[in-house]
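Q: For reference, the structure I am asking about is given below.
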Amino acid sequence: MNHFSSIVGRSPALDALIRSAKIAASTDVTILIKGETGTGKEVLANAIQKSSPRANKKFITLNCAALPEGLIESELFGHKKGAFTGANSNTQGLFKAADGGTIFLDEINSLPLSIQGKLLRFLDSGECLPVGETTSYKVDVRILAATNKDLNDQIATGEFRQDLYFRLNVVPLELPPLSKRAEDIELLIKHFMTMFSETHAIEAPSFSKSALKALKTHPWPGNVRELRNLCERLCILLSGRIIELENLPNEFRNFEAVNINRTPGFTLPEMGIQLDSLEADLIFQALDRTKGNRSKSAKLLGLSRDTLLYRMQKHGFITH
C-alpha cells in the first residue's frame, strides 16, 4: 500500500522529496522535516511512519510549542512522585510510552534550550532521565522532527543547539511552499473537492477559468492548509454551482487585479527567447556566483534545493 498517496502533487520538487522520504522511511534513521506552516509536515511524518518497519507500533505526536517549558520535560521523559508541586504519582512520559515505536516532535524549533540537551542525550545513547530521578532508563524510539523555522538562524542566535541540529538533520526533507507548486494547485483542488463532497454528502462545485486562474496565482501564505480550508468552505456554501471569480474571497480578487495591472519585471524581447537556454544560463550564473553551493544557488533562484537539482540534471549540469 502506498501511504504517500496522501501527499497530492506531481511537481518535480515534490516528486524528488517523496522519493527520498520512501527510502528513508524503510530505515530507522532520524528525519528532520522542514517547511513553512501549512505545507503538510505532519501528513508527511504520518506517511513515513506508516511505511516504516515500526508501522504497527505506537506513533505519538507532540507539538513542542503547545506546552509550557515547565511541563515539557515531564511530558517527554516522565517524573517521579513528589518531584514538583502537583506530581502526585509516578508518570512514565511519552518516550517510555512509545518504546518500540516512533515519536514525532512537531515545531522542534520551539523546544526550550533546557530540554534540548536531554533530547541530545537520548539520540546519542537511547537514555532518558525522568524529572526527580537519579537513574535513567533506555528505550528504543525513532525520532521524526519538524520545523517551520530555519534552525541555522536559531543556532546563530543561541536559541538552538548546533550539536542537536546535526543529530536531527541526518535525513533532511524540505516540503516546498504551495507558491512554488503552482502546477499542483488544480490537482489539489480536485482532490479536496472530491473528499469534501463525499464527507458532507453534497455535490462538488466546479470552477470557471477566471476563478481557477486566481487560485493558481494566489501567493498562498497558509500553503496547502489554506487551500484545504478554502475548498471545504466553497464545497459547502456553493455546492453544485460554478464558482466564478466574484465568489472567491476578496484577497483572491484583489491579487488578480494587481496581477493584471502590474508592470512586468522582465520584458519579453520581440523576437522571443529560448526558455530552456535562459533557465540553464541563470542556473550557471547562480552556481558561479555561489562557487557551486547548491543550497545558496537555490535561494538565489527562488527554488527549493530539490527543484534546483532536478533542473540541473535536466540541463546536464549533473548526470545522476
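The values are calculated or read from the model by the stated rules, or taken from the named source; none is laboratory data. Here the structure is a predicted model, which means the values were calculated and not measured. For neighbour counting, all protein chains shown are included, and Cβ atoms are generated from backbone atoms with ideal geometry for every residue, glycine included.
Q: I'd like to check something: does the range 236-258 contain any residue that is at pLDDT 80 or above, part of a loop (DSSP other than H, G, I, E, B), on the phi > 0 side of the Ramachandran plot and not assigned by TED's automatic domain parsing to the domain that holds P172?
A: The answer is yes; a qualifying residue exists.
Q: Looking at the range 65-76, I want the residues that are in the same structural domain as K149 (by TED's automatic domain parsing) and have a partner that is among the basic types (K, R) with Cβ atoms under 7 Å, at least 6 apart or on another chain. Which pairs are those?
A: Correct list of pairs: E73/K118.
Q: Just give me the residues in the range 140-166 being crowded, with 18+ Cβ neighbours inside 10 Å and farther than 16 Å from G35 by Cα, in sequence order.
A: Answer for the range 140-166, where residues must be crowded, with 18+ Cβ neighbours inside 10 Å and farther than 16 Å from G35 by Cα: V141, R142, I143, F160, R161, L164.
Q: OK, next. Looking only at the range 187-219, which residues are of a type in the set (S, T, Y) and more than 11 Å from E244 (Cβ to Cβ)?
A: If the condition is that a residue be of a type in the set (S, T, Y) and more than 11 Å from E244 (Cβ to Cβ), then T194, S197, T199, T217 are the ones that fit.
Q: For the range 201-232, how many residues meet the condition of being among the hydrophobic types (A, V, I, L, M, F, W, C) and not in a loop (DSSP other than H, G, I, E, B)?
A: Count: 9.
Q: Right, something else. Test S74 against the stated conditions and say whether it is of a type in the set (G, A, S) and surrounded by 20 or more Cβ atoms within 10 Å (Cβ to Cβ).
A: When the stated conditions are applied, S74 passes them.
Q: Can A65 be described as closer than 30 Å to D124 by Cβ, in a loop (DSSP other than H, G, I, E, B) and either in contact with a strand residue (DSSP E or B) (Cβ under 9 Å, 6 or more places away or on another chain) or among the small types (G, A, S) (or both)?
A: For A65, the condition - closer than 30 Å to D124 by Cβ, in a loop (DSSP other than H, G, I, E, B) and either in contact with a strand residue (DSSP E or B) (Cβ under 9 Å, 6 or more places away or on another chain) or among the small types (G, A, S) (or both) - is met.
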